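The values are calculated or read from the model by the stated rules, or taken from the named source; none is laboratory data. Keep in mind the model is a prediction, meaning the values are calculated, not measured. Every residue, glycine among them, receives a Cβ derived from its backbone with ideal geometry; neighbour counts consider all protein chains shown. For accessibility, only protein heavy atoms count, side chains too; no ligands or nucleic acids. Shrake-Rupley method; radii C 1.70, N 1.55, O 1.52, S 1.80 Å.
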Amino acid sequence: MHLLVYGTGRLGATVIAAASAAGWPVPEAIGRPVDGGREPAPRADVVLDASRGDAVVPNLEHALRAGNRSFVLATTGWDADVAVVRARLLDADAAAVVAPNLSLGAALFLRLAEAAAGWYAAAGGFEPSVVEWHRRGKADRPSGTARAIARRIAAADGRWSTGDGDPDDRPPLEVVGIRAGAAPGTHLVTFDGTGETVELRLTARDRSAYADGALSAARWLRAAPRAAGLHPFDAVVDDLLAAPRVAVPA
């Protein structure tokens, strides 16, 4: 499968290495425009955006003009442009998989946090919170994954809003972001009660899990015709979970 990668930073480089290790043709990479201009984009089976939130729309337009129609949007910080991106995909009959975090472990962690929030809300006496810690250079705060966790918790525990402009009087869920060092990402969900605290922790040791998820999303897009518009990574995860399990030797 031929990938075109927008973004030559840490994530983009990791995806390129993972695709090459999987035996795919070496992906082409496109960095930031030089002097505001770009050569036309090449055609690819799937386009992966691993750049910056403010570059998602121009990168999408650039790739669509070249006839590309399958996308994996692996960056965060473009929430304000979701409607624009969806409209352009629909207009072009193009499909994109999108997630704030493309690792399988993170996708399952979101489901676990949502289920746990419902349990502790029903039990009473427990207050949820989210802390995320990323490298100093990460631009968005809180992270896209932390915001997704907050939305899941608020959906399961009606006492809280996400703090993202919910039109009600519920108090916002406490979500704290730390920017220090070089850590690729840690997310901690806490349910704090009077006499005990329960913690769920997701820690990324490197970016290989994100790259594996990006390749899984690319395979999913090419496995069957996909409807135009945005598709959550959960759709990819559901197919992965439904696949026959491979026995692990003892």
Is it the case, given these coordinates, that ARG136 is in contact with a helix residue (DSSP H, G or I) (Cβ under 7 Å, 6 or more places away or on another chain) and open to solvent by 50 Å² or more (accessible area, probe 1.4 Å)?
no
The lone condition PHE109 fails out of (1) open to solvent by 20 Å² or more (accessible area, probe 1.4 Å); (2) closer than 19 Å to LEU240 by Cβ is (1)
In the set ILE149, ILE153, which member is in a helix (DSSP H, G or I), hydrophobic (A, V, I, L, M, F, W, C) and more than 16 Å from the chain's Cα centre (by Cα)?
ILE153
What about PRO172, is it over 18 Å from the mean Cα position of the chain (by Cα) and surrounded by 20 or more Cβ atoms within 10 Å (Cβ to Cβ)?
no
Could you tell me whether the stretch 9-26 includes any residue that is under 20 Å from VAL97 (Cβ atoms), part of a loop (DSSP other than H, G, I, E, B) and open to solvent by less than 20 Å² (accessible area, probe 1.4 Å)?
no
Quick check: anything in the stretch 55-63 open to solvent by 40 Å² or more (accessible area, probe 1.4 Å) and without any contact (Cβ under 8 Å) to a residue 40 or more places away in the chain?
yes
Could you please find all residues in the stretch 71-88 being surrounded by fewer than 21 Cβ atoms within 10 Å (Cβ to Cβ) and of a type outside the set (Val, Ile, Thr)?
GLY77, ASP79, ALA80, ASP81, ALA83, ARG86, ALA87, ARG88
